[in-house]
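I have placed the structure first, in the form of structure tokens, so that the comments after it can refer back to it.
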Amino acid sequence: MAGAAPTTAFGQAVIGPPGSGKTTYCLGMSEFLRALGRRVAVVNLDPANEGLPYECAVDVGELVGLGDVMDALRLGPNGGLLYCMEYLEANLDWLRAKLDPLRGHYFLFDCPGQVELCTHHGALRSIFSQMAQWDLRLTAVHLVDSHYCTDPAKFISVLCTSLATMLHVELPHVNLLSKMDLIEHYGKLAFNLDYYTEVLDLSYLLDHLASDPFFCHYRQLNEKLVQLIEDYSLVSFIPLNIQDKESIQRVLQAVDKANGYCFGAQEQRSLEAMMSAAMGADFHFSSTLGIQEKYLAPSDQSVEQEAMQL
């Protein structure tokens, strides 16, 4: 029917450990998307989030509160948060009633930071799976603090966690190294940044660990972990500086490619204008559509035919 609202919706499930910058990412990405002309709805799925810096379209705190759960069931923060997610899983009709009026928006889901939810607990994965049944195409955006790159042991741990998350969540996946603007304050990197983003030959990290008196006793274990990561060959990272428009643009392109989102001409023009202003110079972001229009223009068809004959 003409004029009907689109049935397919797109969005991002923003996940990652506590302190990785998920809420800041949702704020920065929502502002960037609105500047491109997208209608954005930010959904807070973390009942522990307080004082949200962004305009929240849906807040899980209206359904269940972490403080109430901890008081009533005498649970700690982690156990209480797991219960909240299970409660949301059991009341998905509430979530759908909140999301249905927002059809036509691009969704950003600010998810809880408990690692268990993304590595082995089933509630969050079940929620994402149900959203797929509602024709909501999500990309999991997994944020990891870039300071882990300065410690080989922590970086291997992050790789294992990222791999477990990718396999468990079962969504198109983009890994980000967040807070890249602060990485110089964490210490000097042992290798170039490309080594960490592309996850190149990890045997070099093993050599660094072998020089540590503590980790030298666990070399065989570290070798097996590195071999596991390399055998799957799934983990790579995109560096993110949320203050840099070019950095956000690269992330958005990867996310849109992962979930199949296709943007229109108006957003393309907004992107060109934004990037031109950000760079302080003329900036031309060529598109496939523009190239096709150029070479298929009537004035160029004769030239194309002559080229074909040659």
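Below, the figures for the structure above:
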{"item": "Global size of the range 1-150 as Cα Rg and Dmax, reported in angstrom", "result": "15.6, 56"}
{"item": "Cut-off under 5 Å, modelled amide H: who pairs with LEU108 long-range", "result": "GLN12, ALA41, VAL42, VAL43"}
{"item": "Proximal lysines relative to LYS179, as straight alpha-carbon distance under 19 Å, when same-chain residues fewer than 8 apart are discounted", "result": "LYS22, LYS154, LYS188, LYS245"}
{"item": "Label-point gap, in nm, between TRP94 and ASN78 - each point 7 angstrom along Cα→Cβ", "result": "2.5"}
{"item": "For LEU136, net neighbour charge (Lys/Arg +1, Asp/Glu -1) across residues whose Cβ lies under 12 Å away", "result": "+1"}
{"item": "Environment charge at LEU163 (Cβ cut-off 14 Å; Lys +1, Arg +1, Asp -1, Glu -1)", "result": "-2"}
{"item": "Theoretical FRET efficiency, 1/(1+(r/R0)^6), r = Cβ-Cβ of ALA254 and LYS188, R0 25 Å, to 0.05", "result": "0.35"}
{"item": "Trypsin sites (Lys or Arg not before Pro) restricted to the range 148-235 and DSSP loop, no more than 12 other C-beta within 10 Å", "result": "LYS188"}
{"item": "Inter-label distance for LEU228 and LEU200, nm, one decimal - labels placed 7 Å from Cα along Cα-to-Cβ", "result": "2.6"}
{"item": "Orientation-averaged projected area, Cα convex hull of the range 38-79 (nm²)", "result": "3.5"}
{"item": "Projected label distance in nm at ALA35 and ASP207, using a 7 Å step from Cα toward the beta-carbon", "result": "4.2"}
{"item": "Cleavage-rule hits (GluC sites (Glu not before Pro)) in the range 24-66: DSSP loop, at most 15 neighbouring Cβ within 10 angstrom", "result": "GLU50, GLU55"}
{"item": "Kirkwood Rh in Å, taken over the range 9-261 so that all alpha-carbon pairs contribute", "result": "19.1"}
{"item": "Å³ per residue enclosed by the Cα convex hull of the range 127-275", "result": "128"}
{"item": "Spread of Cα-to-Cα distances over 10 Å intervals beginning at zero, given as percent, for the range 34-103", "result": "19, 45, 27, 8, 1"}
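Every read-out reported here was derived from the displayed coordinates using simple, explicitly stated rules and does not represent laboratory data. Here the structure is a predicted model, which means the values were calculated and not measured. Using ideal geometry, Cβ is built from the backbone for each residue, glycine included, and neighbour counts are taken over all protein chains shown.
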